[in-house]
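Structure first, commentary second.
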Amino acid sequence: MRSIRHSADLRPTYESAKITMVKLNLGCGSDIKEGFVNIDLIKQQGVDVVHDLSKSLPYESGSVDFILASDVLEHFPKAKCHGILKDWVRVLRSGGQIHVRVPNIELICEKLYKNILPDDILIELIYGGQNNHGNFHYNAFTKATLTAAMRGAGCSEIARIWDSDHNSNLIGVK
Ligand SMILES: C[S@@+](CC[C@H](N)C(=O)[O-])C[C@H]1O[C@@H](n2cnc3c(N)ncnc32)[C@H](O)[C@@H]1O
């Protein structure tokens, strides 16, 4: 008679199964994330793929599980933003998630108005550090305009919205 396998017997099989998720860190800069494909216009240590994000991502449609785009969407002119965001959502699989973080101009203006931070720091948050060609801001967002942009690009739901300092963070689901 065959013995009933103890549940612990199953563990090696489960652990050896290679469940790999494709995760992209777009406009990574020096914020290199382990387990992600780190992508940026500028080559520096830890960048896996040098790619201009104003061009289509070199991934098949529906082939990516998760996208992080932190402090990068504001680096594109308003007229290009929709097409770029749409391309990012294109590569996500159905149910895949995209986390977009952008400076929130409402929060920045509030801090400027209330003198919460020095003016030059807040102005830099709006226009970018401008210390290299990848560090200019061409667009600004509020929570409402970013939500609309993500929905317009094909996110079927916005799962979470929260503010951190002067930024808005939205997680969209395809
Ligand atoms: C403010 S940094 C954000 C870095 C990082 N994501 C973070 O949150 O700390 C913006 C990054 O976007 C990159 N970037 C700007 N324009 C880009 C483009 N057209 N294609 C790819 N990366 C770009 C810049 O090189 C820079 O590393």
Screening L92, L107 for residues that are under 20 Å from L68 (Cβ atoms) and in contact with a strand residue (DSSP E or B) (Cβ under 7 Å, 6 or more places away or on another chain) leaves only L92
Scanning region 77-90 for residues that are more than 17 Å from N139 (Cβ to Cβ) and under 13 Å from the mean Cα position of the chain (by Cα) gives V89
T147 vs (1) of a type outside the set (A, V, I, L, M); (2) farther than 22 Å from K78 by Cα; (3) part of a helix (DSSP H, G or I); (4) within 14 Å of the chain's Cα centre (by Cα): all pass except (2)
For region 30-64 the number of residues that are aromatic (F, W, Y) and either more than 24 Å from G83 (Cα to Cα) or near the ligand (Cβ under 10 Å from one of its atoms) (or both) is 0
With criteria (1) surrounded by fewer than 21 Cβ atoms within 10 Å (Cβ to Cβ); (2) in a strand (DSSP E or B), I98 comes up short on (1)
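Okay, residues lined up against (1) at pLDDT 95 or above; (2) within 13 Å of the ligand (Cβ to nearest atom):
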residue	(1), (2)
K86	yes, no
V89	yes, no
C109	yes, no
L122	yes, no
Y127	yes, yes
T147	yes, no
I161	no, no
N169	yes, yes
G172	yes, no
Quick count over region 55-76, residues being of a type in the set (V, I, T) and within 22 Å of A140 (Cα to Cα), is 2
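The values are calculated or read from the model by the stated rules, or taken from the named source; none is laboratory data. This structure is a prediction, so every number in the text was calculated from the model and none was measured. Backbone-built Cβ (ideal geometry, glycine too); neighbour counts: all protein chains shown.
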